[in-house]
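Before any comments, here is the structure.
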Amino acid sequence: MMGYEPKENQGKLFYYGFHLEKRVSPDHPLRKIAKQIDFDFIYEEVKEHYGMKGNVSVPPTIILKLMLLLIFYNVRSERELMATLPVRLDWMWFLGYDLDDDIPDHSVLSKARARWGVEAFKNFFERIVWQCVQAGLVDGSKLFMDSSLVQANASNDSVVNRESLKRYLNRSYRELEARLEESPEEEDLPGGPVNRSRISTTDPEASVVRQGGKAKLYYKVHRAVDGKNEIITATEVTPGQVNEAQRLSSLIERHRLNTEKVVETVVADSKYGTVENYLDCFDLGIKAHIPDLKKKQDNTGSREGIFGEEAFEYDSNTDTYRCPAGQMMKIRRHQKKRKAFEYLCASDVAAACSLRDQCTRSKTGRSVKRHERQEELNLMRQEAQSKPAQKDLRIRQYLMERTFARATRYGFKQARWRNLWRVLIQEYLTASLQNILVLIGNVKEQRPVEAIKIQKVNRKKLLRRLGNCVWGEFFSTIFPNRFLFTYRFCKLCFEQQALKN
């Protein structure tokens, strides 16, 4: 008999057979996250931010889970997250809510971020990294590094001249001017003259960066990724114009603290190939598989087509260089800031040299600089050109691209909030989520004991034992290729036969 949909669908008053646990599939990623990750640590982390009296707050674990859902499903805003929450049964189950529970207001999340600060989310990220270490997912010896720009949550129209803020009478601009008085000195500001003279009234900590022909406000995310399972072991956020080469040492130190493992090799692109980074790695006993930035610059711009420094031979006995024309170059000055000695030919000799056009385009002649620790630099640069280094650089190219590409699924390229500390919270949540997904994908759940025993038993041996059972012989005939299926129907008989044997 055919059934018909009722004209008026009146909801039931009570639902006795409904349970959220049954509505979430066994292989749902949120179920795996809830099983693997302990969110209860947050109670201890943020307890000092709550008083002993007053209204009961939303549990901190629920707030942390809500922020993780915001990133995981790339929800546009916290308002949309709370509006979508009642119709997502998997989200409700993950938060421990029931159908008739009250949904928190969206402002709970922004207030919690302001109250907790960055430290709580940093500790969450570090706990996830340590859990990956304990699960054997981190080798720790080889570290890959790179950075990526994140567009700030501010318009280009908000950029104004630092010197002309007095013409703005709005209260917010007066507050901004007061904040500028506490800002660092001009020489300490990143990004060159543009960012020294310009500032965004919406997000003062973002900096102007020109990428793809158009200048925009950006932050920059710096990551260190372990090569074994691509676990993000350290991350930092800076204004967009900060040079990534300046963050190499701090990322190595953060990696060491988070994993308690010693780095043996660092792999990065040529932007990290500075003298300071080479010498820092040498002092730490780390192999730097990083292309030399200076060598790359020598082949571009005004230096293109002229002799490189490798064409000049150094004589340690006389502490002089010999140029390609055979002329001697002696020390003329010592640059204390660069910790280097500068070698020059005599001016009259340089002016009359037949190879001058191939040697330099400078009117003052060609100079060669030698660092105070040039021998150590040569060793590091030689290691950077080895075959293992070239192999690691090829791996780095797709490995680092992949970690940032995966992050774009969670809104990585656009800052959700303003100011550096909020963007850092977003990065900690994004990196934690990426590590969690690797963790739940590699750490297998413990199988039942009987399933483990079945795999250890040979198929023919199993069927031979089941052949002594009537039901076993019956099912073995019908399902010759389904011996596990046969076992489940003959469990008691199988155990009896196993005991006898």
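Read-outs: derived from the displayed coordinates by stated rules, not from any lab. Predicted model, so just to flag it, every value in this text is computed and none were measured. When we count neighbours, we look across all protein chains shown, and the Cβ atoms used for this are built from the backbone with ideal geometry, even at glycine.
A few remarks follow.
- Neighbourhood charge, 12 Å Cβ-Cβ cut-off, centred on Cys345 and excluding it, Lys, Arg +1 and Asp, Glu -1: +3
- Estimated FRET transfer efficiency when R0 is 45 angstrom, pair Tyr73-Leu257 (beta carbons, to 0.05): 0.90
- Take the Cα radius of gyration of the stretch 308-365 and divide it by 2.2 N^0.38 Å, N being the number of residues; the result is 1.13.
- Loop GluC sites (Glu not before Pro), the stretch 207-278 (other Cβ atoms within 10 Å of the site Cβ: 14 or fewer; DSSP): Glu260, Glu264
- Table column - 3J(HN,Hα) (Hz), the stretch 107-120, Karplus curve with 6.51, -1.76, 1.60, x for Gly and Pro: 5, 4, 6, 5, 5, 5, 4, 5, 6, 6, x, 6, 4, 4
- Applying the criteria of a DSSP loop state and at most 11 other Cβ atoms within 10 Å to the trypsin sites (Lys or Arg not before Pro) of the stretch 27-56 yields Lys53.
- FRET efficiency, Ala352 to Ala215 (Cβ-Cβ, R0 51 Å, nearest 0.05): 0.65
- As a proxy for reagent exposure, Val160, Val225 were ordered by neighbouring Cβ count within 10 angstrom, fewest first; the result is Val160, Val225.
- Contour minus Cα-Cα distance for Ser249 and Tyr314 (0.36 nm per residue): 20.3 nm
- Label-zone membership for the stretch 24-47, site Trp130, 7 angstrom Cα→C-beta point, backbone N under 16 Å: 37-46
- Per residue, the convex hull around the alpha carbon atoms of the stretch 20-116 comes to 107 Å³.
- Spacing of the modelled spin labels on Arg409 and Glu119, each 7 Å from Cα toward Cβ, amounts to 3.4 nm.
- Model label points for Tyr43 and Asn156, set 7 angstrom from Cα along the Cα-to-Cβ axis, are 5.1 nm apart.
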